[in-house]
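Just below is one structure, and these are the notes that go with it.
Quick note: the coordinates plus some simple rules give every number you see, no bench work behind them. Source: prediction; values computed, not measured. Every residue, glycine as well, gets a Cβ built from its backbone with ideal geometry; the counts of neighbours run over all protein chains shown.
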Amino acid sequence: MSRLIAGVAGNPVAHSLSPLIHGEWIAATGIDGSYERFLVSLDGFAAFVASRRGTDLRGVNITIPFKEQALALADDADATALAAGAANVLLFSTDGRVTARNTDGIGLLAAFADQAPAFSPKAGPIAVIGAGGAAKGAVAALVAAGAPQVRIVNRTLARAEAIAAAFPGRARAFSWEEAEAALVGVGAVINATSRGLNGVDDLDLPLEAAPLTAVAMDMVYKPLRTGFLKIAKAQGRTVVDGLSMLIGQARPSFEAFYGRPAPNGSKVRDICLKALGEAP
Ligand code: ATR
């Protein structure tokens, strides 16, 4: 069998930890494969996909800012990608067809299962902060996992309302001023905004309005312990970090690209922590 080639496409892409994750799993499984970075120009994503159809590229992870476009360009999409309105995986078949998937929701739920095993999405309402692509994927995954109500809190209320409208009876939009009311009685609070990234503009939420049993999760993983997670931890809460979600979404991607499950174990997390300059 020929060498299995996959990679990650984005702009920027130099910061991506995906090559480290997949590279470690390729080495651990002994697969004859490679995982590359594809820096695609901002107006060049359609041409990139077209030029790779029917080549020996098996698939790519998609990162900013191409996730919505990836879904639009694919010939087929799984239900998760359709519900999220975005794809983080494109699979290329030898006959030239392109299939979109979204494994971010699997990654989110895997992160909770790993770091907050007592949490159940079915147990009560969940607050998602933000209303961009990352938030929409999270809402879709939580609704699919049986969350009775997802409360979307966003600075721009109209964006939260647009997502809520896609999940009638299961999601509700809240303005930033209503954040306190949105947090009452929730089982988890998930930061799906970019706030806190690189230690800048930490999320300022009235987190104390959430029950102490509410888990705090941050999709931002740089730094690993964001200001939001530090506050949550100081309040005695269980916290779930974005690196766990990143590795959780990579796992089904790996299996789709290389036809083998990713190995278990924490080595890949340690490798990522080192790359992020964090202590293991
Ligand atoms: P992504 O696709 O990665 O989710 P996005 O679509 O740019 O990125 O969404 C970013 C999210 O972070 C949005 O919810 C945004 O709020 P708005 O919809 O009001 O723009 C939120 N966000 C970013 N910076 C913010 C800030 N300084 N204060 C409040 N919300 C912020």
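The sole residue among Ala81, Ala6, Ala86, Ala74 that is within 24 Å of Ala262 (Cβ to Cβ) and touching a residue at least 60 places away in the same chain (Cβ under 8 Å) is Ala6. Scanning the range 108-129 for residues that are aliphatic (A, V, I, L, M) and surrounded by fewer than 17 Cβ atoms within 10 Å (Cβ to Cβ) returns Ala113, Ala118, Ala123.
Of all residues in the range 46-57, those satisfying the criterion of being surrounded by fewer than 21 Cβ atoms within 10 Å (Cβ to Cβ) and touching a helix residue (DSSP H, G or I) at 6+ places or on another chain (Cβ under 9 Å) are Ala46, Ala50. Looking at Ala6, Ala79, Ala84, just one residue is within 27 Å of Thr193 (Cβ to Cβ) and either surrounded by 15 or more Cβ atoms within 10 Å (Cβ to Cβ) or in contact with a His (Cβ under 6 Å, 6 or more places away or on another chain) (or both), and that residue is Ala84.
Taken together, Leu203, Leu229, Leu224, Leu246 contain a single residue that is surrounded by 18 or more Cβ atoms within 10 Å (Cβ to Cβ), of a type outside the set (Ser, Thr, Tyr), within 26 Å of Lys67 (Cβ to Cβ) and touching a Lys or Arg at 6+ places or on another chain (Cβ under 8 Å), which is Leu203. One residue stands out in the range 127-147 among those that are in contact with a Lys or Arg (Cβ under 6 Å, 6 or more places away or on another chain) and farther than 15 Å from Phe174 by Cβ: the one that is nearest to the ligand (Cβ to nearest atom), namely Gly133.
Once the range 148-162 is narrowed to residues that are surrounded by fewer than 23 Cβ atoms within 10 Å (Cβ to Cβ) and not in a helix (DSSP H, G or I), the residue that is farthest from the ligand (Cβ to nearest atom) is Pro148. With respect to the stated conditions, Thr103 is in contact (Cβ under 8 Å) with a residue 40 or more places away in the chain and of a type in the set (S, T, N, Q). Just to verify a result, which residue in the range 87-100, among those that are surrounded by fewer than 18 Cβ atoms within 10 Å (Cβ to Cβ) and polar (S, T, N, Q), is nearest to Gly7 (Cα to Cα)? The qualifying residue nearest to Gly7 (Cα to Cα) is Ser93.
Checked across the range 5-14, the condition of being more than 30 Å from Val143 (Cα to Cα) and more than 21 Å from the chain's Cα centre (by Cα) holds for at least one residue.
All told, Asp104 meets the bar of being within 21 Å of Glu255 (Cβ to Cβ) and within 16 Å of the ligand (Cβ to nearest atom). Which of the following residues is free of Cβ contacts under 8 Å to residues at least 60 places away in the same chain and assigned to a loop (DSSP other than H, G, I, E, B): Lys122, Lys136? Of Lys122, Lys136, the one residue that is free of Cβ contacts under 8 Å to residues at least 60 places away in the same chain and assigned to a loop (DSSP other than H, G, I, E, B) is Lys122.
Annotation note: of Glu24, Glu68, the sole residue that is closer than 30 Å to Lys267 by Cβ and either in contact with a His (Cβ under 8 Å, 6 or more places away or on another chain) or not β-branched (Val, Ile, Thr) (or both) is Glu24. Is at least one residue of the range 84-94 touching a strand residue (DSSP E or B) at 6+ places or on another chain (Cβ under 7 Å), under 23 Å from Ala166 (Cβ atoms) and of a type in the set (S, T, N, Q)? Scanning the range 84-94 turns up at least one residue that is touching a strand residue (DSSP E or B) at 6+ places or on another chain (Cβ under 7 Å), under 23 Å from Ala166 (Cβ atoms) and of a type in the set (S, T, N, Q). Looking only at the range 243-264, count how many residues are free of Cβ contacts under 8 Å to residues at least 40 places away in the same chain, out of contact with any helix residue (DSSP H, G or I) (no Cβ under 8 Å at 6 or more places or on another chain) and of a type outside the set (Asp, Glu). The qualifying residues number 1. Annotation: of all residues in the range 249-272 being at negative phi and not in a helix (DSSP H, G or I), the one that is surrounded by the fewest Cβ atoms within 10 Å (Cβ to Cβ) is Asn264.
Yes/no per residue for (1) closer than 30 Å to Ser34 by Cβ; (2) among the aliphatic types (A, V, I, L, M):
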{"position": "Asp202", "(1), (2)": "no, no"}
{"position": "Ala210", "(1), (2)": "no, yes"}
{"position": "Ala214", "(1), (2)": "no, yes"}
{"position": "Phe228", "(1), (2)": "no, no"}
{"position": "Ile231", "(1), (2)": "no, yes"}
{"position": "Arg237", "(1), (2)": "no, no"}
{"position": "Pro252", "(1), (2)": "yes, no"}
{"position": "Gly265", "(1), (2)": "yes, no"}
{"position": "Gly277", "(1), (2)": "yes, no"}
